[in-house]
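The values are calculated or read from the model by the stated rules, or taken from the named source; none is laboratory data. Just so you know, these numbers come straight off a predicted model, no measurement behind them. Here the Cβ is made from the backbone with ideal geometry for all residues, glycine too, and neighbour counts use every protein chain on show.
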Amino acid sequence: SQQGEEDPQALSIQEGENATMNCSYKTSINNLQWYRQNSGRGLVHLILIRSNEREKHSGRLRVTLDTSKKSSSLLITASRAADTASYFCATVSTGRRALTFGSGTRLQVQP
Amino acid sequence: DAGVIQSPRHEVTEMGQEVTLRCKPISGHNSLFWYRQTMMRGLELLIYFNNNVPIDDSGMPEDRFSAKMPNASFSTLKIQPSEPRDSAVYFCASSIILPPASGGTRLVNEQFFGPGTRLTVL
C-alpha cells in the first residue's frame with residue numbers, strides 16, 4: 001500500500017484564496033516533507049517537518065503534523081496564479097533513508 | 001551550483017533497444033536516488049545509493065533495469081531491452097544523509113531533483 005496519500009487529488013481556487021492540502025500516511029515516520037512540481041519539471045522541496053514538531057511556517061506556507069492521526073496538512077495562504085502546480089507529501093519512515101511519495105494534489109489557481 | 005544534471009532530457013527509442021540515462025548529483029551530496037513517474041503509478045523509487053553503494057534496489061521493476069554509481073559524481077540507469085511500458089519520466093535526485101548521532105537516527109534531509117528524462121519507447 002502507498003505511504004502518503006494526498007487529499008484532495010485536485011483543487012481549483014481563485015487567486016487570493018487559501019489552499020489546504022492534506023496527507024495521510026501509514027507507518028511511523030522520521031520526518032515528513034512537502035514538494036512542489038510544476039508541469040514538466042522536477043520536484044522542488046518546500047518544507048520539512050520532523051516527527052517531534054507540530055507546526056512549521058515558511059513564507060506563505062504553513063505545515064502541520066499530527067503523528068497520532070498520521071496526517072499532515074499544507075496551507076498556502078493568499079494564493080497566486082504562480083502557485084499552480086502539483087504538491088506531494090513525502091515521508092521518511094523510521095529506520096529508512098528514502099522518501100516515499102504520495103500521489104499528489106493538483107492545485108489550479110485561477111487569476 | 002548547477003544542481004542535479006540529467007541527460008538526455010528526452011529519449012525516443014524503439015522496443016528492444018538499450019537505453020542509458022545519466023545523472024550527475026550535486027557536489028558534496030552522499031546519496032543519490034532514481035525515481036520513475038507515470039500517470040498511472042505516480043512517483044516510484046527505483047533504487048538509491050549512499051556513498052556510491054546501492055542500499056535499496058527493491059523498487060527496480062525487473063532484471064532489465066540496472067543502475068550503477070562508479071563514483072560520487074556520476075550514476076547511470078540502464079534499461080536493456082526496453083519495452084513500451086517503460087515509457088515514463090525518470091528523475092534523479094541527490095541529498096545529504098548524515099550518519100546517526102550517538103544513539104540517534106540518520107538525518108534524512110531534503111532531496112534535490114534533476115529536470116528528468118522523458119523516455120518514450122515505441
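Of note:
- Taking segment B:24-46 as the range and being of a type outside the set (Ser, Thr, Tyr) and under 16 Å from B:ILE96 (Cα atoms) as the test, the residues that pass are B:LYS24, B:PRO25, B:ILE26, B:GLY28, B:HIS29, B:ASN30, B:LEU32, B:PHE33, B:TRP34.
- Scanning segment B:1-22 for residues that are assigned to a strand (DSSP E or B) and under 17 Å from the mean Cα position of the chain (by Cα) yields B:ILE5, B:GLN6, B:SER7, B:HIS10, B:GLU11, B:VAL19, B:THR20, B:LEU21, B:ARG22.
- Selection status of B:ALA101, modelled with pLDDT under 95 and more than 11 Å from every other protein chain (Cβ to nearest Cβ): yes
- Matching residues, segment B:22-31, being at pLDDT 95 or above and either buried (at least 22 other Cβ atoms within 10 Å of the Cβ) or at the interface with chain A (Cβ under 10 Å from one of its Cβ atoms) (or both): B:CYS23, B:PRO25
- Every listed requirement among (1) free of Cβ contacts under 8 Å to residues at least 24 places away in the same chain; (2) surrounded by 15 or more Cβ atoms within 10 Å (Cβ to Cβ); (3) touching a Leu at 6+ places or on another chain (Cβ under 9 Å) is met by A:ARG54 save one, (2).
- Only strands (runs of 3 or more DSSP E) whose full extent lies in segment A:17-111 are considered here, and the ones with at least 1 residues that are within 14 Å of another protein chain (Cβ to nearest Cβ) and among the polar types (S, T, N, Q) are A:29-37, A:55-58, A:85-93, A:99-101, A:105-110.
- Segment B:23-54, residues that are touching a residue at least 60 places away in the same chain (Cβ under 8 Å) and more than 12 Å from the chain's Cα centre (by Cα): B:ILE26, B:GLY28, B:HIS29, B:ASN30
- Residue pairs meeting the criteria (Cβ under 6 Å; at least 6 apart or on separate chains; first on the phi < 0 side of the Ramachandran plot and surrounded by fewer than 16 Cβ atoms within 10 Å (Cβ to Cβ), in segment A:32-44; second small (Gly, Ala, Ser) and assigned to a strand (DSSP E or B)): A:ASN38/A:ALA85
- Subset of segment A:3-16 [in contact with a strand residue (DSSP E or B) (Cβ under 7 Å, 6 or more places away or on another chain) and either surrounded by 15 or more Cβ atoms within 10 Å (Cβ to Cβ) or in a loop (DSSP other than H, G, I, E, B) (or both)]: A:GLN3, A:GLY4, A:GLU5, A:GLU6, A:ASP7, A:PRO8, A:GLN9, A:LEU11, A:ILE13, A:GLU15
- So B:SER75, is it in contact with a strand residue (DSSP E or B) (Cβ under 8 Å, 6 or more places away or on another chain), surrounded by 20 or more Cβ atoms within 10 Å (Cβ to Cβ), away from every other protein chain (no Cβ under 14 Å) and within 17 Å of B:PHE112 (Cβ to Cβ): yes
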